[in-house]
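Everything on this sheet refers to the single structure shown next.
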Amino acid sequence: MSNFIAGYIPLFDLYCLHVGLALSQFIVLRAGVFSLATAAFAGIGAYTAGIMAVNFGMHPALGVLCGTLTGMGVAIVLSIPLARLRGVYQAIATVAFIQICLSLNIYSEGLTGGAMGLNNIPKTVGTGTLFVFAALASYLIWAIEKGRLGRAFNTIRQDEAVAASLGISIRRHQMLAFAISGALAGLFGGLEAYHSYAIDPRQFGFHLLITVLSYVIFGGRNSVIGPLVGVAFLIILPELARPLAENRMVIYGIMLILVINYMPKGVADTAIDAIKARRLKARGGADI
Amino acid sequence: MLAQQLLNGLVVSGVYALFSLGFTLVFGIQRILNLAHGAVFMTGAMVAYYTVDGGGPLWLAFILAVIVSGCLSVLVEITCFRRLRKTGDEEFGGVVSSIGAGLVITTIAQQVSNTQILRFPFETFPVVIFRFWDLRVSMLQLFMAGAALLMVMILGYLFYKTAFGRRVRAVTDNEHAATLMGINPNRVYSQTYFIAGALAGAAGVLVGLAFNSISFVMGEPYMMFGFAIIILGGLGSIPGALLASVIFGMVQTLTIAYLPSGLTDTIIFASLFLILLFRPHGLLGQEDAGNLGSRR
Amino acid sequence: MTTLKLTNLSKRFGGVVASEDVNIKVPTGEIIGLIGPNGAGKTTIVNMITGMLPVSGGTIHVGDIDITHAAAHEICRAGLARTFQNIRLLNDASVLDNVLIGLHRHEKSSTLSALLGLPTSGRETRALKVRAMALLAAFDLTKFAEYPAGGLSYGHQRKVEMARAVATDPDFILLDEPIAGMNDVESDALAEIFRDFARNGKGVLLIEHNVRFVAKLCSYVYVLDGGKLISEGTPENVLKDPAVITAYLGAEYA
């Protein structure tokens, strides 16, 4: 019995790690920022934490903290130029940023180990820690959603002119969203570093970008449940059948096309909306 | 030697122009950033390779590549973007959808090619070098520059001197009004996507011949360069894309020749970033491109 | 009693003069009208007041507060709310949520407590929901509270927008063509709401095309044409002014 469960632990670890990243992607999109930079922030957090451990023998808790703060710091700095851009321009800028990070990483072999990656990171983070952080991150995003920040983000995303007319500072809120996103990505990047002995630059490039984006597209961008469902589904799916695992990328690709075209709100949110609508109807329609 | 590098740069610019024109065309007409464009480019190269590999002559390979790429591009449009026009979510949805399409196409290509790097058999294109004034130019380079120039001219003619071009410009300006004047926007879009794909496919064949290294991932760096070029030129601007291609091709060739390798990429993307920062509408794009636009 | 004051307000786009030396005063408790033919520059004025367009010359004051160069989101804080020509509600959000955002200005809980979901944040949210429901009741919208705002009829959507504007507790409300597309019955209902605004001590600047509506409701009217004020005064006087008649109908009718 314990073997059965043990076999699924790596999957659960992956789930916890990727929930953090998905939430990082979720919160920026929520605030109307078309940023795809989560992968880059995760890489920055991972490498910071890894370098702290390998080169300076830092305690893992501190290392993870450094990773988080670096991720957050870089995100805040990035948000300043990005504040002037909207839509695809922001997207392109963040993709360029991922590429810059990748290139700089490979170029700075002395610090990061270049294309060979960073090795011999002590594995100090286990399933329990990952679960705790994933739960905390989910709570954080849920609390934001329920409160005034979530309402402000939502308004900015849907109509900036209205948000401004109601006294909501777009710049400040988007910078905040970026900061949270960077912190979360940096945090979980750091956790990843201490969980897997070694990290390499390719881990934090376009594959991760697409994966994280897929979670949020598939699960939903509106409520916290979205990323949680999205990660679960997309991680479990390849495990269900061998052919699915081998064709993982094709499946992600097809899924992206289908979901954004036919169920743009994502699985979880479409379901939530349907439940809400049915509840309203059951209450007896109001004459609108 | 500088003049030689400038010459090389010019040839490279031609290929970049072919790639970027299609990219910027689609954005100009539908505000969709088609991230599957690189995959279409790669498909052109592969189709050409397999044609030659199967014994076909190069001219046939070229034509097939162009046609197949064009059709593939139309297929992507129909399956991935058409529905989005109705919901009005082209900006975000288009990016996501095209990422998916690119993923599917490259993975299929990976299976077909067995993850190998494909190379044209030797002398697929005759290896002839011309020398004049201390410069060396290969026949292939002449062919590349010539093909690029020819296609750009045909495109220019199509767009500015034919009824088709007028229809495209009408739909770009105002789809609804164009419909009211009897233009079928779906057909115009499909035709535009075909052209965009065909150009990309042609670029793919040329690149495949020039570097003789075709793989399912060959489109990725070009997508990145494509971003930089069309942003520099101004999203949606054809003359802008042309101008930017020349600048980009030159700058890239020169930096590779004279600067330590590995720095080129960083410079390119840092420049892209700076452009977005200070002049998001690029050289010839519309003024209010990157800023607080009117939200739906 | 404070005043919304536009003093010598001007806007130039390169060589084109969109507004020139516009002087308008809106005291609290009054409904002031701003009319003018299409292209007169009313939208430019609105955008300058709401911080969407930089001002070329002149000043805008809300009481003592100079909002001439204030950023768009600071206008609300100064006590000025606005409605939009094309009713910009958050269509997918519930009516209650739409009004709730209007109360954003009054939210005092710290960012940290909002981030962590601390009890103060939760308490404040609940209190705000009570206020929002009260507002809905005042506008007779209670039964729509949970419905997505986009599904309501045009008239009801207008009321939700009014409720949202009132939620910010402004001293002044800028109404940008609020009765566009309404018949007389519907517009009369809104007119009552606007009179209530004035009775509750708010200053209302009403920008409208419907001259009859403006004449019925406003105590003072300004007329804009070609970016300049061509007339001002009580509705009766303004409507008789030959300059105004020329602007709307042509010189032969003056």
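The values are calculated or read from the model by the stated rules, or taken from the named source; none is laboratory data. Nothing here was measured: the structure is a model prediction, and the numbers come from that model. A quick note on method: Cβ atoms are made from the backbone with ideal geometry, for glycine too, and the neighbour counts reach across all protein chains shown.
Some values worked out for this structure:
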| quantity | calculated |
| --- | --- |
| Of residues in segment C:200-214 being surrounded by 15 or more Cβ atoms within 10 Å (Cβ to Cβ) and without any contact (Cβ under 8 Å) to a residue 60 or more places away in the chain, the one nearest to residue C:57 (Cα to Cα) | C:210 |
| Total residues in segment B:225-240, condition over 12 Å from residue B:271 (Cα atoms) and within 12 Å of another protein chain (Cβ to nearest Cβ) | 5 |
| Residue A:268 vs. criteria within 30 Å of residue C:141 (Cβ to Cβ) and either assigned to a helix (DSSP H, G or I) or away from chain B (no Cβ under 14 Å) (or both) | yes |
| Subset of segment C:35-87 (residues that are small (Gly, Ala, Ser) and within 25 Å of residue C:16 (Cβ to Cβ)) | C:36, C:39, C:40, C:41, C:51, C:56, C:57, C:58, C:70, C:71, C:72 |
| Unique match (being among the hydrophobic types (A, V, I, L, M, F, W, C) and within 14 Å of chain C (Cβ to nearest Cβ)) among A:193, A:93, A:115, A:183 | A:183 |
| Scan of segment C:120-168 for residues that are of a type in the set (D, E, K, R), free of Cβ contacts under 8 Å to residues at least 24 places away in the same chain and not in a helix (DSSP H, G or I), ordered by number | C:140 |
| Flag for residue A:15 being among the aromatic types (Phe, Trp, Tyr), without any contact (Cβ under 8 Å) to a residue 24 or more places away in the chain and either more than 18 Å from residue A:181 (Cβ to Cβ) or surrounded by fewer than 23 Cβ atoms within 10 Å (Cβ to Cβ) (or both) | no |
| Matching entry among A:169, A:165 (being modelled with pLDDT of 90 or more, out of contact with any Leu (no Cβ under 6 Å at 6 or more places or on another chain), facing another protein chain (nearest Cβ under 8 Å) and surrounded by fewer than 22 Cβ atoms within 10 Å (Cβ to Cβ)) | A:169 |
| Residue count, segment C:117-176 (criterion: at the interface with chain A (Cβ under 8 Å from one of its Cβ atoms), hydroxyl-bearing (Ser, Thr, Tyr) and over 23 Å from residue C:201 (Cβ atoms)) | 4 |
| Some residue of segment C:101-111 being facing chain A (nearest Cβ under 8 Å), among the polar types (S, T, N, Q) and touching a residue at least 12 places away in the same chain (Cβ under 8 Å) | yes |
| Candidate set: segment A:196-211, residues that are in contact with a Leu (Cβ under 7 Å, 6 or more places away or on another chain) and among the small types (Gly, Ala, Ser); chosen: the one surrounded by the fewest Cβ atoms within 10 Å (Cβ to Cβ) | A:198 |
| In segment B:172-192, residue nearest to the chain's Cα centre (by Cα) [restricted to those that are at pLDDT 85 or above, buried (at least 16 other Cβ atoms within 10 Å of the Cβ) and assigned to a helix (DSSP H, G or I)] | B:192 |
| Which listed residue, of B:103, B:142, B:155, is more than 30 Å from residue A:87 (Cβ to Cβ) and surrounded by 13 or more Cβ atoms within 10 Å (Cβ to Cβ) | B:142 |
| Breaking point among (1) crowded, with 20+ Cβ neighbours inside 10 Å; (2) assigned to a helix (DSSP H, G or I); (3) under 17 Å from the mean Cα position of the chain (by Cα), for residue A:223 | (2) |
| Looking only at segment A:128-162, and only at residues there that are free of Cβ contacts under 8 Å to residues at least 40 places away in the same chain, farther than 28 Å from residue C:86 by Cβ and of a type in the set (Gly, Ala, Ser), the one that is nearest to the other protein chains (Cβ to nearest Cβ) | A:143 |
| Residue satisfying all of: in segment B:245-284; of a type in the set (Phe, Trp, Tyr) and within 12 Å of another protein chain (Cβ to nearest Cβ); farthest from the chain's Cα centre (by Cα) among these | B:278 |
| Condition check for residue A:98: under 19 Å from residue A:135 (Cα atoms) and either within 14 Å of another protein chain (Cβ to nearest Cβ) or in contact (Cβ under 8 Å) with a residue 12 or more places away in the chain (or both) | no |
| Subset of segment C:35-86 that is in a loop (DSSP other than H, G, I, E, B) and touching a Lys or Arg at 6+ places or on another chain (Cβ under 6 Å) - its residue that is surrounded by the most Cβ atoms within 10 Å (Cβ to Cβ) | C:36 |
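A quick yes/no check of all residues on (1) buried (at least 23 other Cβ atoms within 10 Å of the Cβ); (2) among the charged types (D, E, K, R):
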position	(1), (2)
A:94	yes, no
A:116	no, no
A:123	no, yes
A:132	no, no
A:136	no, no
A:139	no, no
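Each row is one residue, and each column tells you yes or no for (1) at pLDDT 90 or above; (2) surrounded by 24 or more Cβ atoms within 10 Å (Cβ to Cβ); (3) among the β-branched types (Val, Ile, Thr); (4) not in a helix (DSSP H, G or I).
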position	(1), (2), (3), (4)
A:191	yes, yes, no, no
A:217	yes, yes, yes, no
A:229	yes, no, yes, no
A:237	no, no, no, no
